[in-house]
Amino acid sequence: MRSDTEFLSTAPLGSPKESDPPPLEARRSATLPVDAVEQTGAPKTTSYKRIIVCCDGTWQDGIVKKHRWQYSNVLKLARCLNHEDTRHDPPIPQIVFYQSGVGTETNTAATWLEGATGETLGDKVQDAYAFISQNFQPGDEVFCFGFSRGAYTARMVAAFVGEIGILDKSQMDHFADIFVAFQKRGKTDDPQVKAECQKILAPFNAGNSKGIVRANAAGRLFSLKCVGVFDTVGALGLPKELTMMTAQSIFGFNDTLLGPHIDRALHALALNETRADFNCTKFQQTPEGQSKGQILRQCWFAGSHSDIGGGWEYHDLSDVTLSWMAANIDDILSLDLEYLNTLFNPNSPWGAQLPHNPKTGVFTLAETLNRELPKPNDLITHETIHPSVRRQKVMIPAVEQLLKDHPEIEWKLLPFEEAVEKTWPFIPGRNVPAGQEAMDEVEAQTSEEKTLKSMAKTALEPVHKTTTLHEEGGRPVNVRSTSGSWLRALLGRTGK
C-alpha cells in the first residue's frame with residue numbers, strides 16, 4: 001500500500017525576538033529578488049536541527065498529483081524548504097515530514113467516505129506527533145504547518161506539545177491512551193469524567209514530566225517555534241449533510257486558544273468563504289503568551305477556502321497567501337526562493353483574480369454564513385487585511401468600509417512580498433480568461449458531483465439493508481447500517 005507521508009530533508013534559522021507587529025528591517029533575506037537562491041543571515045554556531053511537519057488538507061495528496069497546479073500551499077511550502085540552513089556555521093539540518101490529507105486512500109469509495117467522515121483524522125495527529133517524537137533531541141526546533149483539516153491536525157499536534165511536551169520512544173507506547181483522554185477532557189462537562197481523564201494524563205502533563213522537560217530544554221521560552229496554517233476550519237469542514245454526526249463529535253475543534261508555548265503563529269484567512277461548515281477557527285492569544293513576547297499574525301485575503309490553501313488550476317490568490325507565509329518565516333527557515341519563483345503562473349495582475357465560488361459541486365448543499373470580519377487593534381486575535389484585497393474589482397462592502405475607516409488594519413507588505421508583487425509574472429492573454437476559467441472549473445466540479453452521486457448509488461445496494469451480526473452468545477442480531485442511512489440521506493438531498 002502506498003504510504004501517505006513524504007519525507008524531505010530540510011531546516012530553519014533562529015532569529016532575535018520581535019515585537020508585535022515587528023519592523024523586520026533586519027530581514028536581509030527578504031529583500032532579495034524572487035529569483036534569488038541564497039538567503040543571508042548572521043552566522044551562529046549551532047548543534048541542533050529543525051523538525052518541520054506539513055499537514056495537507058482533505059483529499060489533498062501531493063505525492064500522486066500529476067500537475068503542479070494541483071499542489072496545495074502546504075506541499076509547495078514543504079518543497080520550498082532547503083535541506084539545511086547554510087546561513088549558520090555549521091549549517092542547521094531541516095527535516096521535513098509531509099503528510100497527505102484525510103481522504104487520500106487509493107480506493108475511490110474509501111477516499112470519499114474517509115474524507116467526508118474524518119475517519120483517520122486522529123491517525124494523522126498521532127502520526128505527525130510520532131514523527132516529532134522519533135526525531136527530536138533536546139534543543140531542536142519544531143514547526144507545524146497545515147491547510148484546512150491539515151491545519152486542524154497541525155494545531156492539535158501543537159496542542160499536544162504544549163500539554164505533554166515531546167515524549168520519548170518509550171513513553172509513546174502510551175500515546176493512544178493520552179490522545180483519547182485529551183479529547184474526552186475537552187468535550188465533557190462531567191467532573192468525574194474530567195477527573196478520570198486527568199488521572200491518565202497526570203504522569204505526562206505535570207510541569208516536571210519527562211516530556212515537558214525534554215521539550216523545554218536549552219532554556220528556551222517556547223517549546224514550539226512556529227505554527228503556520230492556511231484557513232483552519234472548525235469541526236470537519238464539510239456540510240452536515242455529508243458527515244456522520246458521530247465523527248463530528250469526536251473530531252470537533254474545541255480549543256481556539258493559542259498555547260503560550262508557541263513562539264510564532266501565522267494564519268491566512270479567507271474573506272470570501274461563505275459555507276457555514278467551513279467557518280474559520282481563529283487563534284486567540286492568552287495573557288501569558290503576550291507577556292512572553294509571542295508573535296501572532298492573522299491576515300485576511302480575497303478568496304474562498306481553497307483560494308487560500310491552494311489546489312485550483314488558476315491559483316493567483318493562493319500564490320499571494322503562500323508569499324505571505326514565506327515572508328513571515330524566511331528568518332527562521334531556509335527557503336528555496338528559486339523554486340518558489342517557478343510556482344507562479346498567474347492569469348491576472350497581482351491580487352486581481354476573482355475568488356472561486358465555494359458553493360459548487362457537492363458543496364451547493366452548504367448552509368451560508370458570512371465570516372466575522374476582523375476588529376481593528378484587537379490584541380487577542382491580531383488580525384489584519386492584506387493589501388492585495390484592494391486589487392479586487394469588486395470588494396466586499398463591509399471590508400471596503402473597514403479599510404477606509406481603519407487604515408491601520410491593513411497589513412504592511414514585507415520586503416519579500418514587495419519583491420513578489422514587483423516581479424509578478426503576469427502576461428495578458430497568456431492564460432485562459434477569467435470567465436472561461438470559471439466555466440471550466442465549475443464544469444469540472446459538476447462532473448465530480450455526478451461521480452460522487454454515482455458512487456453513492458452503487459454503494460447503497462449492498463449496505464441499504466439491515467446487516468446480520470452475531471452477539472457474544474452466537475445469536476444473530478439485525479443491525480441497521482449507518483452507512484446505508486447516510487448514503488440514502490445524501491441521495492435524498494442531492495437528487496438522483
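Read-outs throughout are calculated quantities, based only on the coordinates presented, and are distinct from any laboratory measurement. For clarity, every value in this text was computed on a predicted model and none was experimentally measured. Using ideal geometry, Cβ is built from the backbone for each residue, glycine included, and neighbour counts are taken over all protein chains shown.
From most to least packed by mean Cβ count within 10 Å, the peptides 381-390, 406-415 give 381-390, 406-415. Here region 306-329 and region 132-182 have alpha carbon centers that stand 26 Å from each other. Here r is the Cβ-Cβ distance between Q290 and K412 and R0 is 22 Å; the resulting FRET efficiency, rounded to 0.05, is 0.60.
Taking a threshold of 30 Å on the Cα-Cα distance, which of the pairs K184/K375; K76/K404; K210/K412; K49/K199; K282/K404 fall above it? Please report the intermediate quantities before stating the final value.
Details: K184/K375 33 Å; K76/K404 34 Å; K210/K412 42 Å; K49/K199 34 Å; K282/K404 24 Å.
Check vs 30 Å cut-off fails for K184/K375; K76/K404; K210/K412; K49/K199.
Backbone phi angles across region 377-391, fed through the Karplus curve with coefficients 6.51, -1.76 and 1.60 (θ = phi - 60°), yield HN-Hα couplings of 6, 7, 7, 9, 9, 6, 9, 9, 10, 6, x, 4, 4, 5, 7 Hz in residue order; Gly and Pro are listed as x.
Approximating the spin labels as points 7 Å out from Cα along Cα→Cβ, the K375-to-N135 distance works out to 4.0 nm. Rounded to the nearest 0.05, what FRET efficiency is calculated for A218 and K169 with R0 set to 22 Å and r the Cβ-Cβ distance? For R0 = 22 Å, the calculated efficiency reads 0.60.
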